[in-house]
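This report refers to the structure that appears directly beneath it.
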Amino acid sequence: MFGGELAGMTKNLADSRNEAMGRLIDEARTRGGNAIVAMRFDTTELGDVWTEICAYGTAVEAVRSPTGRSTRPVSWVYGAGG
């Protein structure tokens, strides 16, 4: 009765994080990227009932070098909120 996990809330938060990541991935692809580096989440509580979840990262075009060891970064940063 007291304590423990609120399964419905946990599912909603996980779904929101996944949607924020999906939006970030879509925007990276739109801008020509095929990878995202330094991805992170930011959250903000809005009142007592809303939580804003944003996903941020740097979209890059990862290119395999002849030796297979490096990537070439592209200078985009995009934050997608969910």
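The numbers here are math on the coordinates, done by the rules we state, and not lab data. Keep in mind the model is a prediction, meaning the values are calculated, not measured. Because the Cβ atoms are built from the backbone with ideal geometry, glycine has one as well, and the counts that use them run over all protein chains shown.
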Which value in nm describes the separation of the simple spin-label points at E52 and K11, placed 7 Å from the Cα toward the beta carbon?
-> 2.7
Residues with amide H under 5 Å of E61's amide H, sequence separation 5 or more or different chain, H placed in the peptide plane at 1.01 Å from N; which?
-> N34, V74
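Given the peptides 32-42, 15-25, arrange them by the average over their residues of other C-beta atoms within 10 Å, most packed first.
Ranked by mean Cβ neighbours within 10 Å, highest first: 15-25, 32-42.
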